[in-house]
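**Q** Got a structure for you, questions after.
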């Protein structure tokens, strides 16, 4: 224990240097020198960093989230709600086919205007026998317009006593708009083999008859056709009242055949005036070699 009175000075006495017990003077002199320190200005401590809340970024993120949620909700509302669903199906151009039948076959009632398949609806409606072509269009916000073109009967094709309705291209029609009152009937003198093969109307013959009627070839010559006869090996023969039959065959060289037939009729008219025998048939199938029978 350190002597508390070691440094006390008494009058008339010399102060002794304190020497710890057991430590000699040499040992004390050999002790390591005390460290020296240099005083310097202490650095001012940095103030604590303030925490900054990124309100702007948070606001932008929240705004984007709200906008995205609104878009998703709006899309779901449009898809599942009734505001954009098919409520009306308008059908135009239909006379044979009923509008209700078209609407039922289309399967568009109650469908979403955004997702309805117009192509599929057109395919389903086109399967109706009387429909030739169809177009399905959206009529916003909740209607669909269906435009129909129906088959138009042109005439009749008769084979072995069986009469079939045909259009201007020779297609046999199961359902169509009715043919005109003066529609022609082409009589097919088919052989039993042709009937077994199921051969139908000949399109070229149908086109030829339609052109002869449209051009009024026999009316201009003062003749009235009474029958249109078709044979597979002979083609078309027109039987006329008070005149010779005309064998046209097919529609090739149409203008030449018509001109040749008119010229033959003029020559026959002159020959009849001189008492020449009458001609029953004019065969126009061989070009310039017109055969009179």
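Where a number appears in this text, it was derived from the coordinates with a stated rule and is not lab data. Every value quoted in this text rests on a predicted model; they were computed, and no experiment measured them. Virtual Cβ from ideal backbone geometry, glycine too; neighbours counted across all protein chains shown.
**Q** For the range 155-292, what mean projected area does the convex hull of the alpha carbons give, in nm²? Don't skip to the end; give the middle numbers.
**A** Values: hull surface 36.2 nm².
So the Cα hull casts an average projection of 9.1 nm².
**Q** For a protection proxy built on the mean count of beta-carbon atoms within 10 angstrom, sort 137-143, 161-167 highest first, please.
**A** Taking the mean over residues of other Cβ atoms within 10 Å, the ranking is 161-167, 137-143.
**Q** How would 199, 132, 257 line up from fewest to most surrounding beta-carbon atoms within 10 angstrom?
**A** Fewest-to-most Cβ neighbours within 10 Å comes out as 199, 132, 257.
**Q** Starting from the 7 Å offset along Cα-to-Cβ, what nm value, one decimal, do you get for the label separation of residue 72 and residue 215?
**A** Each label point is offset 7 Å from its Cα along the Cβ direction, giving 7.3 nm.
**Q** Where does each of 262, 122 land when they are ranked from fewest to most other beta-carbon atoms within 10 angstrom? Could you put the intermediate results ahead of the total?
**A** Numbers: 262 13, 122 16.
In increasing order of surrounding Cβ atoms, one gets 262, 122.
**Q** So, by mean Cβ neighbours within 10 angstrom, what's the order for 229-235, 150-156 with the highest one leading?
**A** Details: 229-235: 15.7, 150-156: 19.4.
The packing order, highest mean first, is 150-156, 229-235.
**Q** Right, here's the next one. Treat the count of other C-beta atoms within 10 Å as a stand-in for reagent exposure and order 239, 72 from fewest to most.
**A** In increasing order of surrounding Cβ atoms, one gets 72, 239.
**Q** Taking the Cα-to-Cβ direction at residue 87 and at residue 137 and moving 7 Å from each Cα, how far apart do the two end points lie in nm?
**A** 2.2 nm
**Q** Take peptides 280-291, 55-66, 168-179, 202-213 and line them up by average Cβ neighbours within 10 Å, highest first, as a rough protection proxy.
**A** 202-213, 168-179, 280-291, 55-66
**Q** Determine which residues of the range 138-161 fall in the zone a paramagnetic label at residue 199 would reach in this model, i.e. backbone nitrogen under 18 Å from the point 7 Å along Cα→Cβ.
**A** It comes to 157-161, nothing else.
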